[in-house]
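Report on the structure given below.
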């Protein structure tokens, strides 16, 4: 996936359906989600019905991706050289709720994305795992996608 599409897919699902049950989550409610999070694992699967059409689990280890969640409720997604998105967020009921999300392509802002939420399936002092499911259309065919992104906290 290109650097533009990977973070956009991670963060920009408008149609979201969480499949994880509460008892499958590892959420430490005493831990703050605020911080700089480095993407260390990312799996993206695209299905046509029940048939797996595409799968990608590659990450750019030479230019890692980061998710910055600030205490004031703002954040951004970026690598070491480019910012892909800026947003406001809240974290409630194991959901990161995004609003005012503006994605960037080559430094140029794209139209604002509708508010959306992502499911947090694990939050510890050192690890954040985000699960996302939704739909996207390619060549007039609606596909279901599943994304699991694992981050480690940076100091």
In segment 88-113, residue surrounded by the most Cβ atoms within 10 Å (Cβ to Cβ) [restricted to those that are outside any strand (DSSP E or B) and on the phi > 0 side of the Ramachandran plot]: 94
Taking the condition within 19 Å of residue 153 (Cα to Cα), under 14 Å from the mean Cα position of the chain (by Cα), in contact (Cβ under 8 Å) with a residue 12 or more places away in the chain and surrounded by 13 or more Cβ atoms within 10 Å (Cβ to Cβ), does residue 117 pass? no
Is it the case that residue 36 is under 12 Å from the mean Cα position of the chain (by Cα), assigned to a strand (DSSP E or B) and either under 21 Å from residue 123 (Cα atoms) or at pLDDT below 95 (or both)? no
Pick out the one residue from 85, 75 that is in a strand (DSSP E or B) and touching a helix residue (DSSP H, G or I) at 6+ places or on another chain (Cβ under 7 Å). 85
Select from segment 39-67 the residues that are assigned to a loop (DSSP other than H, G, I, E, B) and more than 20 Å from residue 81 (Cα to Cα) and write down the one among them that is nearest to the chain's Cα centre (by Cα). 57
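The values are calculated or read from the model by the stated rules, or taken from the named source; none is laboratory data. The structure displayed is predicted, hence computed values, not measured ones. Please note: Cβ atoms are built from the backbone with ideal geometry, for glycine as well, and neighbour counts cover all protein chains shown.
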